[in-house]
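Worksheet for the structure shown next.
Rule-based calculations on the coordinates, nothing more; no lab input. Here the structure is a predicted model, which is why all the values come from computation and not from measurement. Cβ placement follows ideal geometry from the backbone for every residue including glycine, while neighbour counts extend to all protein chains displayed.
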Amino acid sequence: MLTVVTPMVTGTSCKCLPDNSPCSLGLSKCEYAVNSQRPVNLDLRTIKLPNTAISSILHRITGVILFVGIAVLLYGLDKSLVSEQGFAEVKECLTSPLAKFVVWGLLSGLMYHLTAGIRHLIMDLDIGVSLESGKLGANLVFIISAILIVLMGVWIW
Amino acid sequence: MVTNVTNFSRSGLYDWMAQRVTAVVLAAYSLFLLGYILANPGMGYAEWQGLFANSWMRIFSLMSLVALSAHAWIGLWSVTTDYLTPMTLGKWATGVRFLVQALCGVIMFVLFVWGVQILWGI
Ligand code: HEM
């Protein structure tokens, strides 16, 4: 990046714009951007989240939860397939409140990640990408996944 | 700046596409399995084991396991690349990020091999 500010003389080409477009303030556009005194905040830790951003971060968090959950699910799958007795043990284990809670937690993560993921794919098709429909979509994801999560709870308990 | 030499395919666009294709496979598999369990309450061992003994189910499961490995790797790569940066970690960021990503890769590989063993062990 250029940091040296070179005053522009009319007719001289810009330092870093490929199209040599005219420059304002005697600086090339990129020199201007780099040296601009506008406050810039790219610090994720201090940015407030609107509901679209919340839906996005939850998708991320549930993705990581699912990754951790794979080990638990594989363990159960292994045990349940290896023998009749293992299957019975897994079934027995799934009656304990703790196991139920863990399974419900994982299914909730999956339901949210799945709903938000499908919204993602729909938006990748360029559908619902305006600011308004984006907000609507995020709210729909909250509502649909909440319903699914409650249904999962009803099924488990 | 965070460089992307550690991503899945050397190309962000290909990673992006792979993330989507694998997402569809994972959605299909998880909905199928959930639907199957829901549709067969009180399922016994024979039926459960029989399901996973089918060739098509093994193919479907293996495909999902491959999809899962790629999806999780690309996903965790994105997450680590976003947060484990010089801004949050200072000058050791690149090393820390590399190690964390390597750890994610190793864990995912172990899970993959374990999954294959489960599918072919029965
Ligand atoms: C079942 C195991 C799954 C795991 C462990 C998993 C994990 C992850 C992780 C860690 C991410 C990264 C999050 C981010 O970058 O913000 C991610 C992204 C994504 N997941 Fe999943 N996921 C799973 C299933 C699914 C399913 C079933 C869908 C179905 C639609 C899906 C759709 C997506 C999409 C579209 C993205 C990309 C988001 C982006 O580019 O920002 N995932 N997943």
Residue that is in a helix (DSSP H, G or I), out of contact with any strand residue (DSSP E or B) (no Cβ under 9 Å at 6 or more places or on another chain) and either in contact (Cβ under 8 Å) with a residue 24 or more places away in the chain or surrounded by 17 or more Cβ atoms within 10 Å (Cβ to Cβ) (or both), where the choices are B:Met87, B:Met108: B:Met108
Boolean, B:Ser30 is polar (S, T, N, Q), within 16 Å of the ligand (Cβ to nearest atom) and under 25 Å from A:Glu89 (Cα atoms): yes
Test: residue in the range B:50-57 that is in contact (Cβ under 8 Å) with a residue 12 or more places away in the chain, under 19 Å from A:His59 (Cβ atoms) and either loosely packed, with under 15 Cβ neighbours inside 10 Å or more than 9 Å from chain A (Cβ to nearest Cβ) (or both): no
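Is it the case that B:Thr80 is part of a helix (DSSP H, G or I) and more than 12 Å from chain A (Cβ to nearest Cβ)? Can you show your working first?
Values: part of a helix (DSSP H, G or I): yes; more than 12 Å from chain A (Cβ to nearest Cβ): no.
Answer is no for this residue.
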Residue identified as more than 15 Å from the ligand (Cβ to nearest atom) and of a type in the set (Phe, Trp, Tyr) among B:Trp16, B:Trp77, B:Trp48: B:Trp48
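For the structure I just gave you, tell me whether B:Ala23 is touching a residue at least 40 places away in the same chain (Cβ under 8 Å), within 8 Å of the ligand (Cβ to nearest atom), under 29 Å from B:Gly12 (Cβ atoms) and touching a helix residue (DSSP H, G or I) at 6+ places or on another chain (Cβ under 8 Å).
Answer is yes for this residue.
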Any pair with Cβ under 9 angstrom, 6 or more apart, that starts in the range A:77-90 at a residue that is farther than 17 Å from B:Ile37 by Cα and more than 7 Å from chain B (Cβ to nearest Cβ) and ends at one that is aromatic (Phe, Trp, Tyr) and surrounded by 15 or more Cβ atoms within 10 Å (Cβ to Cβ): A:Ser83/B:Tyr45; A:Gln85/B:Tyr45; A:Gly86/B:Tyr45
